[in-house]
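Read through the structure below, which is laid out as structure tokens, and then see the notes.
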Amino acid sequence: MLKLFDAISRLTGSQKAATSRKDFLKGIAAAVGSVPVVKALAGPLLAGSEETLAPRVKKSVRTACDLAVVKGGSPAAITRKAIEALGGIDLFVRKGDSVVIKPNIGWDRAPEYAANTNPEVVETLIRLCKSAGAKRVRVFDNTCNTADMCYRNSGIAAAVKNAEGYISYINKAKFLPGRFPAGSEMEDWPIYRDAVECDCFINVPIAKHHGLTKLTLSMKNLMGVCGGMRGRIHWNIDKKLPELTKFISPDLTVIDAYRILLRHGPSGGNLKDVKKTGTVIAGTDPVLADSYAASLFGLGPRDIDHIMQGERYGLGSTDIARARITKIAV
Amino acid sequence: MAVTAKHMVLARRACQALSVLLLSHIIWSTHYPLSGFINPAFYFYMDPFAMIITSIAERVLLTGLISAAVMLALAYAIGRAFCGWICPLGALLDLLSWAASPVRRLFLKKQREPEPSRFRLAKYALLFAVFVFALAGVQTAWVLDPITIFVRAFSFNVHPFVNGAIDTGLNRVLGATGYPVWLETFYDWLREMFLGVSTPEFSHAGTILGVFAAILLLSLARRRFWCRYLCPLGATLALPARFSPFRRNTDRCTTHCGTCKNICRMNAIRGDNSYIPGECVLCLDCVVDCPGEKATFSFSKKGVRVQPEGSERNPGGQSTSGAIVIVSSHGPGNDAGDSYRHHRGVRVNPDLDKARFSGKKPVLTRSQFITSAIGSIVIASAPLMGAAVPRPGRPGTASRLRPPGALPEEEFIRRCIRCGNCMKVCPTNLLQPSSIADRPGAAWSPVLDTRRGYCEYGCNLCGQVCPTNAILNLTVRQKQKFQIGIAVFDKKICLPYAKGENCLVCEEHCPVPEKAIRVKEAVVRGKRVLQPYVLPKLCNGCAICELKCPTEPDKGIIVKQKQDASVAPAGDRIKPVS
């Protein structure tokens, strides 16, 4: 130890400081002179981005049924079964694909409170995508509460890591103005780049109560890919949500209704408001999936304006009676 | 090989560096989920000045008094070693003096330390003034406490700047290169491990930086200017230290060459070789650099004995005259011991200077290299830095809302030492230093800027990191019930009232499980609309409703102090819709 100290002392004390004023000023001049060079080199880094985002195109997939509704087992088992009933994950995910799974991680609440998507549902979906050969399965949400608290306490961060998915906090620099139809109220709304630039988008909301839209389901869950002052989406929300859903065009919608929040949504916080229904609903038609999920609350599509608007907008069908629905009890 | 004073000096430097790194680490880790291995209040517990003054001002026995007593006992036992070995601000001043020594040498041709100045008594006067104020119940320790000054500057300036520079810089690179997977993975990893989700911004950061910078710059005029003349913590420690039996011993000095007097960073040594124990910070320079090889400088009273460098290696000694020894044995550039004198910017011996310049001159000396390297990096990266520096955002807040768990206002101001821990740890950047102009007595104490952040429902971190319990350490459940203020709707602005449009962002975000914001159905201009209202009993004033309210520039809902919120029972009369 002492030898080491001696060595250090020899190193640190071996030279003399003999600066001349001329040398010093020369150094300053060189440093000042290098400013334009650095500026030129850094030019591209300093320039602002003018990129915009084009809408996603939905995959055309022929599923075995329009909607799979599985009830009764663990969140993992019913999720697995639901995807199976649609015809398997291979319909949606090819080898080497980059997949986005968008759960609801909006609130700093534990899974039991049914404010966020069940972490086991998310984990199972990631495992399925990975087994189909997905290269990267991204999970993110633009949270309402503090992001690190939401990610951690929802259990989703741990679930994603278990399944070797990729979870990251929203990076504000990655919001780009979306090219919505001209005249749309959503025109140039900032949309998260990763939500659009992916091979497969899987929307995984939790079904719960909401003060304004009565329920928050798959279409409302997509607000989590929006930036800007999101509260303003609430203004005339029933028209905006279908436009947003069209823009993102989720290839697959998996609604987690393992636990549903009946009152005081969307943030909840009281276990008395939570009902365990043990259900997962999966399909490619977001309107149909939302319509079916509404029935769990004793509501019909007609009670929820944005679902009706979604049908009118051509996103899907609210007709549960005519749809081919596979119901499975595990 | 025995432990020489040289080893002790290296140990001191290591100790100082570790202390700065440790405190920086503690402050950096002061964020959710508070996984740092040391509580952010730790350094304040080592600070008898802050602890005693706060206790007096508030007439309360803080737990920190125990550690404060230990520190005072230590100061009696071994003197102001805290100042020389541990104090992070002192360490920074030493580092700065060392780094700036080539510059100082250019402009100050002959710097010699004068006789110890009576101005050193100023720090006792300051300590006394703070003490008198404390007796009168006014807390002023926060203005001058060195630990607070360091922590505050780090939390409000260094951390946001470094964080912002890395974050913005990396994001520019990411954007320009199209988000390559490997770089983005690295960036996300860095955010999770190091940067955090977002870079905080603080109002009044400029003033806070100004105080810190002034203290640093003063050390260019005189080494450790702050510690010599102003530091009230140093004065506190000097009170017992001056009676310490652990003393510098110069009995064996025969030459009185004056070297020690000139190199003493604290200006504690007189021309007659006596010294002022209360000023000595035990840096041990005077022991290491004593040129008289027979002349022993040692701490000897209590049997502790630190031998000077060289006495081991040259037991016989070559000369009895210190001056001759210097010239003969310190050839240019080959004796390690010699250089100690030079990179402190103090010229010790004119003969020595001649000897130094007659030798082979290195192309670029170490300190020159370091100074010019740092200078070039700073100047050349100015354009990038300029892009990275967070823009001075909104102006300061005039809010008087206090953090959850804060003591009643007057007590709070007396206890709060403005260390900034609560503001650093606040995950939403809600807590901000209040302005000096608004109320000088309450300056820089934490207030809620509800346009920047909101109080996170499940968070109680500010109470956990407060070193003086000005913010009580509430459990999460207690904090959720603590009423910071009450939300009040402004019906001229709130959309469902003012324009009859649906909105309900406030109700959506309200974290109270039973919802402190409820909804009623109304008809405005022939349109059915859902109107929100507040249940004041349930509202804890977390202000997420105000932050997320989408009206601009004025918000449709504002959190007010309890006494200001005219508790209009508008909501109570109306039945909520389920």
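Before we move on, is B:Pro392 in a loop (DSSP other than H, G, I, E, B), away from every other protein chain (no Cβ under 14 Å), within 23 Å of the chain's Cα centre (by Cα) and at pLDDT below 90?
Considered against the rule, which asks whether it is in a loop (DSSP other than H, G, I, E, B), away from every other protein chain (no Cβ under 14 Å), within 23 Å of the chain's Cα centre (by Cα) and at pLDDT below 90, B:Pro392 comes out as yes.
Scanning for something touching a residue at least 60 places away in the same chain (Cβ under 8 Å), within 13 Å of another protein chain (Cβ to nearest Cβ), outside any helix (DSSP H, G or I) and farther than 23 Å from A:Gly269 by Cα, does the stretch A:209-218 turn up at least one residue?
Looking through the stretch A:209-218, none of the residues is touching a residue at least 60 places away in the same chain (Cβ under 8 Å), within 13 Å of another protein chain (Cβ to nearest Cβ), outside any helix (DSSP H, G or I) and farther than 23 Å from A:Gly269 by Cα.
Quick one: B:Thr4 ticks every box in (1) crowded, with 16+ Cβ neighbours inside 10 Å; (2) under 13 Å from B:Val465 (Cβ atoms) bar one, so which box is it?
(2)
For B:Ser55, are the conditions met, namely being assigned to a helix (DSSP H, G or I), over 27 Å from B:Leu190 (Cα atoms) and of a type in the set (Gly, Ala, Ser)?
So B:Ser55 passes the test.
Residues in the stretch A:177-192 that are buried (at least 19 other Cβ atoms within 10 Å of the Cβ), within 14 Å of chain B (Cβ to nearest Cβ) and either assigned to a loop (DSSP other than H, G, I, E, B) or in contact (Cβ under 8 Å) with a residue 60 or more places away in the chain (or both): how many?
1
How many residues does the stretch A:164-176 hold that are buried (at least 22 other Cβ atoms within 10 Å of the Cβ) and more than 9 Å from chain B (Cβ to nearest Cβ)?
The number of residues fulfilling the criteria is 1.
Considering only residues of the stretch B:424-458 that are of a type in the set (A, V, I, L, M) and in a helix (DSSP H, G or I), which is modelled with the lowest pLDDT?
Ranking the qualifying residues of the stretch B:424-458, first place goes to B:Ala442.
For the stretch A:46-98, give me each residue that is assigned to a strand (DSSP E or B), more than 14 Å from chain B (Cβ to nearest Cβ) and not small (Gly, Ala, Ser).
A:Leu67, A:Val69, A:Val70, A:Lys71
Collect the residues in the stretch A:125-156 that are over 12 Å from the mean Cα position of the chain (by Cα), in a helix (DSSP H, G or I) and within 25 Å of B:Gly164 (Cα to Cα), keeping them in residue-number order.
A:Ala147, A:Asp148, A:Met149, A:Cys150, A:Arg152
Residue under question is B:Ala516, and the condition is that it be at pLDDT 95 or above, within 21 Å of A:Leu212 (Cα to Cα) and among the small types (Gly, Ala, Ser); does it hold?
yes
Check B:Val9 against each of (1) hydrophobic (A, V, I, L, M, F, W, C); (2) outside any loop (DSSP other than H, G, I, E, B); (3) away from chain A (no Cβ under 14 Å) and name the one condition it does not meet.
Unmet condition: (3).
Does any residue in the stretch A:134-152 that is more than 7 Å from chain B (Cβ to nearest Cβ) and in contact (Cβ under 8 Å) with a residue 60 or more places away in the chain come within less than 6 Å, Cβ to Cβ, of a residue that is charged (D, E, K, R) and assigned to a helix (DSSP H, G or I) six or more places away or on a different chain, and which pairs are these?
Taking only residues 6 or more apart or on different chains, the pairs are A:Arg138/A:Asp194.
State which residue pairs qualify: first residue over 20 Å from B:Met193 (Cα atoms) and more than 7 Å from chain A (Cβ to nearest Cβ) and inside the stretch B:167-181, second residue hydrophobic (A, V, I, L, M, F, W, C) and assigned to a helix (DSSP H, G or I) in any location, beta carbons under 7 Å apart, and separation of 6 or more residues or different chains.
Between residues of the stretch B:167-181 that are over 20 Å from B:Met193 (Cα atoms) and more than 7 Å from chain A (Cβ to nearest Cβ) and residues that are hydrophobic (A, V, I, L, M, F, W, C) and assigned to a helix (DSSP H, G or I), the close pairs are B:Thr177/B:Leu183.
Do we find that B:Ala498 is over 30 Å from B:Pro48 (Cβ atoms), in contact with a helix residue (DSSP H, G or I) (Cβ under 9 Å, 6 or more places away or on another chain) and in contact (Cβ under 8 Å) with a residue 12 or more places away in the chain in this structure?
no
From the list B:Pro467, B:Pro532, B:Pro513, B:Pro553, pick out the single residue that is more than 26 Å from B:Gly405 (Cβ to Cβ) and crowded, with 16+ Cβ neighbours inside 10 Å.
B:Pro532
If you take just the helices (runs of 4 or more DSSP H) that sit entirely in the stretch B:60-152, which of them hold at least 1 residues that are under 18 Å from B:Gly278 (Cβ atoms), of a type outside the set (Asp, Glu) and more than 14 Å from every other protein chain (Cβ to nearest Cβ)?
Qualifying helices (runs of 4 or more DSSP H): B:64-78, B:88-99, B:122-135, B:141-144.
Given the structure, is B:Arg477 under 30 Å from B:Met51 (Cα atoms) and without any contact (Cβ under 8 Å) to a residue 40 or more places away in the chain?
Answer is yes for this residue.
Matching residues to (1) modelled with pLDDT under 85; (2) out of contact with any Gly (no Cβ under 9 Å at 6 or more places or on another chain):
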site: A:Pro36; (1), (2): yes, yes
site: A:Val57; (1), (2): no, yes
site: A:Val61; (1), (2): no, no
site: A:Gly73; (1), (2): no, no
site: A:Ile89; (1), (2): no, yes
site: A:Pro103; (1), (2): no, no
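Within the stretch A:235-248, which residues are under 15 Å from A:Ile307 (Cα atoms) and of a type outside the set (Lys, Arg)?
A:Asn236, A:Ile237, A:Asp238, A:Leu241, A:Pro242, A:Glu243, A:Leu244, A:Thr245
Just the residues that are hydroxyl-bearing (Ser, Thr, Tyr), surrounded by 19 or more Cβ atoms within 10 Å (Cβ to Cβ) and over 15 Å from B:Cys87 (Cβ atoms), please, taken from the stretch B:35-54.
B:Thr54, the sole residue that qualifies.
Select from the stretch B:487-510 the residues that are within 11 Å of B:Cys545 (Cα to Cα) and either within 34 Å of the chain's Cα centre (by Cα) or hydrophobic (A, V, I, L, M, F, W, C) (or both) and write down the one among them that is surrounded by the fewest Cβ atoms within 10 Å (Cβ to Cβ).
Only one residue fits best here, namely B:Val488.
Counting only residues that are closer than 16 Å to B:Thr148 by Cβ and more than 18 Å from the chain's Cα centre (by Cα), how many does the stretch B:442-468 have?
Within the stretch B:442-468, residues that are closer than 16 Å to B:Thr148 by Cβ and more than 18 Å from the chain's Cα centre (by Cα) number 1.
Can you tell me how many residues within the stretch B:493-535 are in contact with an Asp or Glu (Cβ under 9 Å, 6 or more places away or on another chain), more than 7 Å from chain A (Cβ to nearest Cβ) and assigned to a loop (DSSP other than H, G, I, E, B)?
Of the residues in that region, 2 qualify.
Scan the stretch A:112-124 for residues that are away from chain B (no Cβ under 14 Å) and not aliphatic (A, V, I, L, M) and jot them down.
If the condition is that a residue be away from chain B (no Cβ under 14 Å) and not aliphatic (A, V, I, L, M), then A:Thr117, A:Asn118, A:Pro119, A:Glu120, A:Glu123, A:Thr124 are the ones that fit.
If I filter the stretch B:91-122 down to residues being under 26 Å from B:Cys15 (Cβ atoms) and out of contact with any Ser or Thr (no Cβ under 9 Å at 6 or more places or on another chain), which single residue comes out as modelled with the lowest pLDDT?
B:Glu113
Mind listing just one residue for me: the one in the stretch A:234-268 that is small (Gly, Ala, Ser) and either touching a helix residue (DSSP H, G or I) at 6+ places or on another chain (Cβ under 6 Å) or in a strand (DSSP E or B) (or both) and, of those, surrounded by the fewest Cβ atoms within 10 Å (Cβ to Cβ)?
Going through the qualifying residues, I end up with A:Gly268.
Does any residue of the stretch A:221-230 turn out to be crowded, with 21+ Cβ neighbours inside 10 Å, in a strand (DSSP E or B) and more than 14 Å from chain B (Cβ to nearest Cβ)?
Checking the stretch A:221-230: not a single residue is crowded, with 21+ Cβ neighbours inside 10 Å, in a strand (DSSP E or B) and more than 14 Å from chain B (Cβ to nearest Cβ).
Of A:Arg322, A:Arg302, A:Arg263, which residue is modelled with pLDDT under 95 and within 14 Å of another protein chain (Cβ to nearest Cβ)?
Residue meeting the stated conditions: A:Arg263.
The values are calculated or read from the model by the stated rules, or taken from the named source; none is laboratory data. Quick caveat, the model's predicted, so the values are computed rather than measured. Positions of Cβ are backbone-derived with ideal geometry, glycine not excepted, and every protein chain shown enters the neighbour counts.
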